[in-house]
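Visitor: There's a structure below that I have some questions on.
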C-alpha cells in the first residue's frame, strides 16, 4: 500500500502544484478561506438555533428528547403557547441574525473577498476593486418590492445574497474586477491631482472614471436582462438557474449524475473551495425541490437534499481511522480538536487543519468515500430496506439522529452507521500508509 501511495503521490504532487499555482483559482480558494470564520460561527449558532433552542426540535420537542416538557411540565397547546416557547423563539431570532451573516449573506461577502484577491493578482487597487465589484453585484441584484394596502416597501431578498447566488457572485466579481483593473491602468482616463492633494483623495479621483464606466456597464447589462426577460427571468441569478435547471431535471435522479455531483463537490473541497456553495445551484434547483416533494407526499425521490446531507459525516470515518491507526502526532492532535465540530458535520477545521486540502494522500478516499456512500444509500432505498429521506432536517444534525429523523425510521440512522463503518475501512489504508511519511512539523522532527 505504501508503494501505491508513493507512486500516486509522485503523480498528484505535480498536479496539485499546477492547480495551486493558478492565480485565478488560488484567488478563489483564498476568498472562500477568508469566509471560513463566518461559516464556522454561523454553523455554531445554527446548531444552537435548530437543535438546542427549537421548541419543537431535537432536544426540546416532543418528537425528540422532550426536554421542553421536562422543564415546563407542559405539553400540547399549553406548551406551544407558554412563555418558555416564546422565550426560546426570541433566542432563536438572535441566533438567526448571526446565521444570516454566515450563510444568508455569503454571496455578498464572497464578491468582496474574491474581488479583493483578484485585485491583488491582477495588479489593481485591492480595496477599490472589491468595492466596485460589490457595487456591480448590488446592481445585478433585483430589488424586491412588496406592496400592502398601497404601501410600497423596497428591499433585497436574501436569496440573492445567500449561497444560491454563489455562481452569480463569482461571475460578477470576475468580470467587474477585470474591467475595473483594465480601465484603472489606462493613463488616458486617470484623473491626476496635484501633489498637494492628500494621497487618499488623489487615489479616489484616479479611479473615478473606471468606477463610473464599470458600474455603468453593469447598469446597462441589468437593464437589458430586465427588459429581455430571457426564459422569463429578469435577474442574472434567476437566469443562471433557468439555464442550468432545465437540462438537469431530466436525469438528476440517475445514479450516474448523482455520483458525478458528489465527485465535483468533494473535489472542490479538496482544492480548498466550499464545494457545496459552488454547487448550490444544482442543490437548490434539483435536490431541494425533490426533498420538498418527498415531504409533501407528491413523490418518492431517492436522491434529495436530505440524502446528501445525511452523508456529510464521511469525514468522521477519517477521524476514527486516525484515532485507531495513525501514529502521526500532528494528525491525532488536529483530529482531537476537530472531532467536536465534526459531530455536527462541520469539517472545516479538519479540511484546513490536517490538512485534507491539496493533500494527495487523502484525495482518493476523500472523494471515494462519499461516492461509495451514495451507491450504498441508493441500493438500500431502492430495495426498500431504508425509507426515502422525507423530512427536512438541519445539516448540522448529528450522526444517526439525522438519518432517523430524515427518513422517519431508525433504518435511516442505521444507514448512516453503515456508511460510517464503510468510510473507516476506506480511509484506514491511507492513514496507515501516511504513518511512513515524515511529519513536516519542525518540533516533531
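Visitor: Just one of the numbered conditions (1) outside any helix (DSSP H, G or I); (2) surrounded by 15 or more Cβ atoms within 10 Å (Cβ to Cβ); (3) modelled with pLDDT of 80 or more is not true of residue 98; which one?
Guide: (1)
Visitor: For the subset of region 225-265 comprising residues that are at positive phi and in contact with a helix residue (DSSP H, G or I) (Cβ under 8 Å, 6 or more places away or on another chain), which member is modelled with the highest pLDDT?
Guide: Here is the first cut: in region 225-265, the residues at positive phi are 229, 231-232.
Restricting the remaining residues to those that are in contact with a helix residue (DSSP H, G or I) (Cβ under 8 Å, 6 or more places away or on another chain) gives 231-232.
Values: 231: 62, 232: 69.
Per the criteria, the residue is 232.
Visitor: Another question, if that's okay. Suppose we keep only residues that are under 20 Å from the mean Cα position of the chain (by Cα) and in a loop (DSSP other than H, G, I, E, B) within region 284-318. Which one would you say is surrounded by the most Cβ atoms within 10 Å (Cβ to Cβ)?
Guide: 304
Okay, residues lined up against (1) at pLDDT 85 or above; (2) in the same structural domain as residue 270 (by TED's automatic domain parsing); (3) surrounded by 21 or more Cβ atoms within 10 Å (Cβ to Cβ):
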site	(1), (2), (3)
320	yes, yes, no
340	yes, yes, no
368	yes, yes, no
375	yes, yes, no
391	no, yes, no
397	no, yes, yes
402	yes, yes, yes
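Visitor: Sticking with this one: Answer yes or no as to whether residue 361 is surrounded by 21 or more Cβ atoms within 10 Å (Cβ to Cβ), in contact (Cβ under 8 Å) with a residue 12 or more places away in the chain and under 26 Å from residue 260 (Cα atoms). Outline the logic, then answer.
Guide: Details: surrounded by 21 or more Cβ atoms within 10 Å (Cβ to Cβ): no; in contact (Cβ under 8 Å) with a residue 12 or more places away in the chain: yes; under 26 Å from residue 260 (Cα atoms): yes.
It is false that residue 361 is surrounded by 21 or more Cβ atoms within 10 Å (Cβ to Cβ), in contact (Cβ under 8 Å) with a residue 12 or more places away in the chain and under 26 Å from residue 260 (Cα atoms).
Visitor: If you check 53, 25, which single one turns out to be farther than 20 Å from residue 114 by Cβ and modelled with pLDDT of 75 or more?
Guide: Answer to the check: 53.
Visitor: Scan region 357-386 residue by residue and report those that are assigned to a loop (DSSP other than H, G, I, E, B), closer than 20 Å to residue 421 by Cα and in contact with a helix residue (DSSP H, G or I) (Cβ under 6 Å, 6 or more places away or on another chain).
Guide: The answer is 386, and nothing else.
The values are calculated or read from the model by the stated rules, or taken from the named source; none is laboratory data. Computed from a predicted model, the values in this text were never measured in an experiment. Cβ sites come from the backbone with ideal geometry, for glycine too, and all protein chains shown count toward neighbours.
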